[in-house]
Amino acid sequence: MSRLLVIGCGGVAQVAIQKCAQNKEVFTEMCLASRTVSKCDALKEKLKGQGYPVKITTATVNADDVNDLVKLIKDYKPDAVLNVALPYQDLTIMDACLECKVDYIDTANYEPEDTDEPVWRAAYEKRCKEKGFTAYFDYSYQWAYMDKFKEAGITGLLGTGFDPGVTSVFTAYAKKHYFDRIDTIDILDCNGGDHGYAFATNFNPEITLREVSANGSYWEDGHWVETKPMEIKREYDFPEVGMKDMYLLHHEEIEALGKNFPEVKRIRFFMTFGQSYLDHMRCLEDVGMLSTTPIKFEGKDIVPIQFLKALLPDPASLGPRTVGKTNIGCIFKGVKDGKERTIYIYNVCDHQECYKELGSQAISYTTGVPAMIGTALVLTGKWKQPGVYTTDEFDPDPYMDMLNEYGLPWVVDEAPKLVD
Ligand code: NDP
């Protein structure tokens, strides 16, 4: 029995909320709050029509405003807040949870909306030099809440989507059940889906394009090695999907895994991209459309990447037209009982199956299901621990069981192909 406040009602939120409704024992009351409340109202009606017993209310909230959030949390009195808005809102929502002493859960680590803001920029440039990677997002801002969350007796569960989220749980599971020592981890994210558009992104375009146009990097022997965007390319034959080109990216779970599994010598992250996607992205970048710096247009300030977002298809609308499968998982190499061992733990998810079940495509599905699972584990006390933690820091077994139960079954391949 619990009361959950969900913030955001986009592609990922729509899946997370529907999955919460399916988990009747844990989620008995929910408030759906977002900037555009009509999306929350429409989802409330959909769930009512399907006969779910969960009691739903809706609210408008500006999640950039701590006072607005605090007012909503004090009015609704939730047991936890699930943040499925954007990474820009992580810190304001954490501040509000701290003030109201309520558990906090999210799916992506903090990055600022305005990367030209001078105070943030100075800290960012210092961090680039000290840590050796230049992505706009990093965990330091949220890890800084550790003591404050401990003092308040509340849990902050960071990054419970698929990657990060499930990939980190796979790591904890591999360590617990398959290895005495893990030497290398390759995280592979393959989307074999086709939506028929020449160019569209599968989750928030602004967040996606910022991530994939940035420098790549990987963790090796305790430090970061940075690469140019898309500099390292490999081919991989993904089970149930087939041969795909994939490119090395910087990705947030590498930072947490490098810290929490110091024995691991190398951690890399690869994502598949088709040639059309890369050509469009390069062209948009070359003409300045991926810029986050406002420009003046006919007397108004316009942020090019936000204007581009308005032109691109809404990721939540891709469901009916996307066919094919995703394959996301981790290849681990290491040692068990003195013998070398390699395994690939992965999930395959079918875009059309997701659409049939919830009306969404597989990228939102594979993120929204783990968002529900992480929230349920905090609410039921299985993953409740004052402080802020990533998903690799808890017992992976209940999470792995719930992946099977709620639509993301996983496979352990004990003789996988390796990535060179
Ligand atoms: P969408 O853009 O589809 O949805 C974002 C939602 O947040 C929208 O409903 C939006 O409102 C709302 N929102 C944005 N700003 C505010 C604000 N200031 N106040 C209140 N509500 C706001 O994004 P996605 O659903 O694709 O992504 C959601 C999150 O999931 C992101 O943080 C993303 O990085 C993360 N993600 C994580 C993955 C993982 O595997 N870990 C994979 C994919 C995504 P409005 O409707 O008005 O625009």
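Nothing in this text is a laboratory measurement; each read-out follows from the coordinates by a stated rule. Every value quoted in this text rests on a predicted model; they were computed, and no experiment measured them. Note that we place each Cβ from the backbone using ideal geometry, even for glycine, and neighbour counts take in every protein chain shown.
How much length, in nm to one decimal, is gained on full extension between I302 and T380, taken as 0.36 nm per residue of separation minus their Cα-Cα distance? Kindly include the intermediate steps, with their values, before the conclusion.
Values: separation 78, 0.36 × 78 = 28.08 nm, distance 4.46 nm.
Full-extension gain reported as 23.6 nm.
Given a Förster distance of 30 angstrom, what is the FRET efficiency for K24 paired with E353, based on the Cβ-Cβ distance and rounded to 0.05? Intermediate results must be reported in sequence, preceding the final value.
Details: r = 22 Å, r/R0 = 0.73.
E(calc), rounded to 0.05, equals 0.85.
Name the helices (complete DSSP H segments) of the chain with a Cα length along the long axis of 30 Å or more and a Kyte-Doolittle mean of at least 0.0, or state none. All intermediate terms of the calculation are to be shown ahead of the outcome.
Values: long enough: none.
Helices meeting the span and hydropathy rule in the chain: none at all.
Per-residue ellipticity at 222 nm for the chain, helices alone: DSSP H runs ≥ 4 residues times -39500 (n - 2.57), over residue total, nearest 500 deg cm²/dmol? Don't skip to the end; give the middle numbers.
On the way: 15 runs with 156 residues, N = 420.
The helix contribution divided over the chain gives -11000 deg cm²/dmol.
What number comes out for the charge environment of G51, summing +1 per Lys or Arg and -1 per Asp or Glu over other residues with Cβ under 15 Å away? Kindly include the intermediate steps, with their values, before the conclusion.
Numbers: positive: K24, K44, K46, K48, K55; negative: E45.
Cβ neighbours under 15 Å give a net charge of +4.
In whole angstrom, how far apart do the alpha carbon centroids of region 311-390 and region 24-81 sit?
Comparing the Cα centres of region 311-390 and region 24-81, I get a distance of 23 Å.
Where in region 384-401 does the label zone of D180 land, with the point 7 angstrom along Cα→C-beta and an amide N cut-off under 19 Å?
Output list for this probe position: empty.
Does region 77-231 classify as rounded, prolate or oblate by the C-alpha gyration tensor (a ≥ b ≥ c root eigenvalues; a/c under 1.5 gives rounded; else a/b over b/c gives prolate, otherwise oblate)? Please report the intermediate quantities before stating the final value.
Numbers: a/c = 1.30, a/b = 1.18, b/c = 1.10.
Verdict is rounded for region 77-231.
Quick one: grab the alpha carbon gyration tensor of the chain, order the square roots of its eigenvalues as a ≥ b ≥ c, and give me rounded if a/c is under 1.5, else prolate or oblate depending on whether a/b is larger than b/c. Please list the in-between numbers first.
Details: a/c = 1.26, a/b = 1.12, b/c = 1.13.
Here the chain falls in the rounded category.
In whole Å, how far is the Cα centre of region 185-199 from that of region 91-145?
Rounded to whole Å, the Cα centres lie 27 Å apart.
Quickly work out the K77-to-S38 label distance, labels modelled 7 Å from Cα along the C-beta direction, and quote it in nm with one decimal.
The answer from the label model is 3.4 nm.
So what is the relative contact order of region 263-420, in percent, for Cα pairs below 8 Å that sit 6 or more residues apart? Present the calculation step by step, with values, prior to reporting the outcome.
Working: 161 pairs, mean separation 29.2, N = 158.
Relative contact order here is 18 percent.
Quick one: which of K44/K244; K55/K384; K77/K356; K129/K233 span more than 28 angstrom between C-alpha atoms?
Values: K44/K244 39 Å; K55/K384 24 Å; K77/K356 34 Å; K129/K233 26 Å.
Cα-Cα > 28 Å for K44/K244; K77/K356; rest within.
Give me the lysines in straight-line cross-link reach of K336: C-alpha distance below 30 Å, same-chain residues under 8 apart excluded.
Output for K336: K175, K176, K259, K265, K382, K417.
Between W120 and D314, what length in nm is gained on full extension when 0.36 nm per residue of separation is reduced by their alpha carbon distance? Before the final figure, lay out each step's value.
Numbers: separation 194, 0.36 × 194 = 69.84 nm, distance 2.96 nm.
Taking 0.36 nm per residue and subtracting the Cα distance, the gain is 66.9 nm.
Under 1.5 on a/c is rounded, so check that first for region 337-420, then, if it is not, pick prolate when a/b is larger than b/c and oblate when it is not; a ≥ b ≥ c are the square roots of the alpha carbon gyration tensor eigenvalues. Don't skip to the end; give the middle numbers.
Values: a/c = 2.36, a/b = 1.09, b/c = 2.16.
It comes out oblate by the Cα gyration axes.
Give me the extension gain from D397 to A144: residue separation times 0.36 nm, minus the current Cα-Cα distance, reported in nm with one decimal.
Working: separation 253, 0.36 × 253 = 91.08 nm, distance 2.78 nm.
Gain in length upon complete extension: 88.3 nm.
Let me see the P(r) profile for region 39-96: every Cα-Cα distance counted, bins of 5 Å, each bin given as a percent of all pairs.
4, 17, 25, 22, 17, 10, 5, 0
Calculated FRET efficiency, K131 and E263, Cβ-Cβ r, R0 22 Å, to nearest 0.05?
Working: r = 20 Å, r/R0 = 0.91.
Working from the Cβ atoms, E equals 0.65.
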